[in-house]
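None of the figures in this text is laboratory data; all of them are computed from the coordinates on show. This structure is a prediction, so every number in the text was calculated from the model and none was measured. All Cβ positions, even for glycine, are placed from backbone atoms using ideal geometry, and neighbour counts span all protein chains on display.
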Amino acid sequence: MRYIEPHAHMVSRTTDDYERMALAGCEAVCEPAFWAGFDRSSPAGFFDYFSQLTEHEPKRAAKFGLKHFCWLCINSKEAEDVKLAEEVIALIPKFLKRPNVLGIGEIGLNKNSRNELRVLEMQVELAAKFNQLILVHTPHLEDKLKGTKLILDVLKNDKRIQPGRVIIDHVEEHTVEMVLNCGMWAGMTLYPETKCTPARAIDILETYGSENIWMNSACDWGVSDPLAVPKTALEMKKRGHLASAVEKIIFQNPKKFLRQSKNFKLGI
Amino acid sequence: MTRQQILDLYFLDARHKLIEIAAFLDRVERAEGKDDFRLKSFRAALAKLDDKKKNRAKEVLMIFSDLTTKPIGKATGKGAVGAWQKIK
Ligand SMILES: [Zn+2]
């Protein structure tokens, strides 16, 4: 079974993970810029990270036959410091010219603060100015509902942003409907404890349909599973979903969204 | 899938999780001290399970959610704890 992993933080994973993903049928992995698990001390830390995402990581993935793409931004967990954010955002335009960059992401909110919101608006502006796709991180747990609403308001209020070019990630049962109703794409993240389990992700598909929706592992430096997408595909089969319906969710849908970036090429 | 097939696929898993919740509540209540906002939300969410509505997962998530609408003044930490507490 072939699939696309549309959200994975491979800089935190081992080559064993790349190999297992390739063996499971992964053809491309897309890596949004995110928090490292600790705060970077300066814009130079982000410069190095963006270089890693655009130069080094594609080579590491290629050793396992995998295409590697990335998204660039300053993440919401480091967005309380607006001055730092401004300096990091100023670095991004020249990296947008790199051939594996898909857009601006994962931007969004973490604790739903005023400064986070301001930095989100700055990065929506950046995406609009450079006509980039947007990938949005929605907050965790108790903060998700409010954060998702605040984020949707920012995006809907900017008439330059086409909803079909935005993916709102980490949706759950209480946020998926409002995202799809705005005409944006929804991403379901498969995590062992927080976010969605495979069973719940399939419930969401059965309830809200399979248009404009994808699944990802969001595997990173924490407890997460780089094979969460193919494992959920297996569970879809157990639930009686046809092979074509599985392929739509794990391959065709991410391909359809990501192909809106001219840089997304699978080579098949 | 039929209801029977869903039961065959998920009953044991759901039974296991239900017993874990029961044991968790016993464990919390055996321990000394007071409840906090998380346990209050947890008990409110448990009440939703008996609801006749068909969107229990959404209802439970709503119970744990911050339902306010204005951004907060400043993010003082990065983490979330799973239930919302009104800051006095
Ligand atoms: Zn992520």
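At what distance in angstrom do the alpha carbon centres of segment A:1-16 and segment A:29-94 lie from each other?
Distance between centres, Cα-based: 16 Å.
Check every DSSP H run in chain B and write down those whose alpha carbon atoms cover 27 angstrom or more along the long axis and whose mean Kyte-Doolittle hydropathy is 1.6 or greater.
none
If you place +1 on the Cβ of every Lys and Arg, -1 on the Cβ of every Asp and Glu, and leave all else neutral, what size is the dipole of segment A:185-237 about its Cα centre, to the nearest 20 Debye?
For segment A:185-237, the charge dipole is close to 60 debye.
Order by neighbour count: A:3, A:49, fewest other Cβ atoms within 10 Å first, most last.
Numbers: A:3 23, A:49 19.
If I rank by nearby Cβ atoms, fewest first, I get A:49, A:3.
Sort A:101, A:166, A:29 so that the residue with the fewest other Cβ atoms within 10 Å of its own Cβ comes first and the one with the most comes last. List each step's numbers first, then the result.
Values: A:101 22, A:166 25, A:29 30.
With the fewest neighbours first, A:101, A:166, A:29 line up as A:101, A:166, A:29.
If you put +1 on each Lys and Arg Cβ and -1 on each Asp and Glu Cβ, how big is the dipole of chain A around its Cα centre, in Debye rounded to 20? Before the final figure, lay out the partial values.
Details: 36 positive and 35 negative charges, 204 e Å.
I would put it at about 980 debye.
Can you put A:185, B:84, A:221 in order, fewest other beta carbons within 10 Å first? Working shown, then result.
On the way: A:185 28, B:84 21, A:221 14.
The fewest-first ordering by Cβ neighbours comes to A:221, B:84, A:185.
Once you have a ≥ b ≥ c as the square roots of the Cα gyration tensor eigenvalues for chain B, tell me rounded if a/c is under 1.5, and otherwise prolate or oblate according to whether a/b is larger than b/c.
On the way: a/c = 2.54, a/b = 1.52, b/c = 1.67.
It comes out oblate by the Cα gyration axes.
Note down the magnitude of the dipole of segment A:7-154 about its Cα centre, charges +1 on Lys and Arg C-beta and -1 on Asp and Glu C-beta and zero elsewhere, to the nearest 20 debye. Spell out each step's value before the answer.
Details: 19 positive and 21 negative charges, 58 e Å.
It works out to roughly 280 debye.
Towards the positive end of the charge dipole of the protein assembly as shown, with charges on Cβ (+1 Lys, Arg; -1 Asp, Glu), say which of A:91, A:52, A:178 has the farthest Cα.
About the Cα centre, the residue reaching furthest to the positive side is A:178.
Note down the relative contact order for chain A as a percent, whole number, built from C-alpha pairs under 8 angstrom at least six residues apart.
20
Which of the listed residues, A:11, A:215, A:244, is farthest toward the dipole's positive end in chain A, when Lys, Arg count +1 and Asp, Glu count -1 at the beta-carbon?
The residue sitting farthest along the positive end of the dipole is A:244.
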